[in-house]
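Some notes on the structure that comes next.
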Amino acid sequence: MQSQLKIFNTLTGKKEDFKPINPPKVLMYACGPTVYDLSHLGHARMALTFDVIQRYLRFAGYDVTFVRNITDVDDKIINKAKELNVRPEEIALKYTDTFHKDMHDLNAALPDVEPRATEYIEKMLAFTQSLIDAGHAYEAGGDVYFDVLSFKTYGKLKKQSLDEMIQGAREQVRSQSELKELKKNHFDFALWKSVDQKEPGWQSPWGWGRPGWHLECSTMIKNVLGETIDIHGGGEDLVFPHHENEIAQSEALHKKTLANYWIHNSFVQVEAEKMSKSLGNFRTIQSILESYSADTIRFFVLQTHYRSPIEFTEKSMESAKAGISRLIRAAQFAPEANGKTTDNIDIAPVEKLDQEFRKAMDNDFNTPQAVSALFGFADTIFVTTDPNTAKKYTEELRRYASVLGFTLEDNRRSLDPATTAKLKEIVQSLTETAADTDDASQLMEMLLSAREQARADKDYKRSDMIRDRLLEVGIKVMDVKGGKATWECS
């Protein structure tokens, strides 16, 4: 049953009850990557934000069509191709593939439709011609510009007047002095850009050229989802000029609202500055995955509300690793039966989890509160003594965690070859047993047995030394009351 979801709408600047155009169907579009380089953590935040939003909408009973585009024609792609002396298509294909790998490795679900800009060139030309015919665009020197003054509500998303706005330069391939002579107004933006015949492009009624970035998304939305959709989103850096210009060209042509709800996530920051390629302060998704699991990265992102900035530090990542480890331990929890089991499972804690989880997510997708609800339920699992009840609770924990995209895969004992080699050295130096195996579990069993024997002999100095040596290589030993010590990667 669908609950009463509230969404903060960038367009109105307030939280609103979510009312789809044609419930239970939801049409949702998020701006995808420009594929000219590896994706970084800032891109991951945007992707994970909308992955969780579409997951929760489905969980809440909506029939979602989620579209995320690929921008595979852009000046950045062409410039990268020139640097490497390859065709732009090769760059676009390479980094589309790496983006897909990143999303797979982060457990981000595939969109229902993933249109690529180059597949819609003819439809972009038709869109542009229609704007010209309607008096909202004009041709100048082989370029086509949108006449901003023809759209009276321009600036409503950014909430600024025209005089306060500065047109983004991304779509421009000519100098500002040239453009000043071509445009009616300095804030008019390009729908179609003329380029030299030697440059990558397409033939149009106005000559050889390429589409403007803003035109691409408006055209794909129209042809994949329709003229009006429920939700449109992306990073907050897209509010202006990209989304503002999408609104202008789409609504000027169709005389209809482009999107009823606009959702924008905030940035990942490094030392209070936005993580970006231009500043050189970014970490690629793959480089972070070398040190942290996908669940850890998700936890880092989701422990902060999507509209608030996140400060990236190694300390914050370690904190996220500790947080997700607690949920993983709860998901693996299995108390000993001790001859006592029951079929009368108390479902009150599950009902409480459901209520708290939905309340959090219905409040503008408040993932920090949703994660807190998972932690509260994990505490209940840890004090559960009945195996049947624990099994039911861990299944429910996994189900609700999956709405946030967590796998809760138990990788706490996944050791790389280098750490395993160090373990072997520790075994050989601290025990009298020959370390003739490369199996990490067997090596740990030897060390834990040696530590257990030292404790039995009251040789606590030796016991602590084994624990400390393991901690030096990133392995934490945990003593269990009344049971054998366990371990995990720290």
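The values are calculated or read from the model by the stated rules, or taken from the named source; none is laboratory data. Keep in mind the model is a prediction, meaning the values are calculated, not measured. Using ideal geometry, Cβ is built from the backbone for each residue, glycine included, and neighbour counts are taken over all protein chains shown.
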Test: residue in the range 284-298 that is modelled with pLDDT under 95, over 30 Å from W192 (Cα atoms) and basic (K, R): no
Where a residue in the range 466-477 is in contact (Cβ under 8 Å) with a residue 60 or more places away in the chain and surrounded by 19 or more Cβ atoms within 10 Å (Cβ to Cβ) and its partner, wherever it lies, is assigned to a strand (DSSP E or B) and acidic (D, E), with Cβ under 6 Å and at least six apart: none
Single residue of the range 187-246 satisfying the filter (touching a strand residue (DSSP E or B) at 6+ places or on another chain (Cβ under 7 Å) and charged (D, E, K, R)) that is surrounded by the most Cβ atoms within 10 Å (Cβ to Cβ): E216
Count - residues of the range 363-385 that are more than 19 Å from the chain's Cα centre (by Cα) and surrounded by fewer than 19 Cβ atoms within 10 Å (Cβ to Cβ): 8
Tally, over the range 125-155, of residues that are within 17 Å of K183 (Cβ to Cβ) and not aliphatic (A, V, I, L, M): 14
Flag for E181 being loosely packed, with under 13 Cβ neighbours inside 10 Å, assigned by TED's automatic domain parsing to the domain that holds I121 and modelled with pLDDT of 65 or more: yes
Residue among H43, H100, H104 that alone is buried (at least 21 other Cβ atoms within 10 Å of the Cβ) and under 22 Å from the mean Cα position of the chain (by Cα): H43
Any strands (runs of 3 or more DSSP E) falling wholly within the range 217-327 and containing at least 2 residues that are without any contact (Cβ under 8 Å) to a residue 60 or more places away in the chain: 268-270
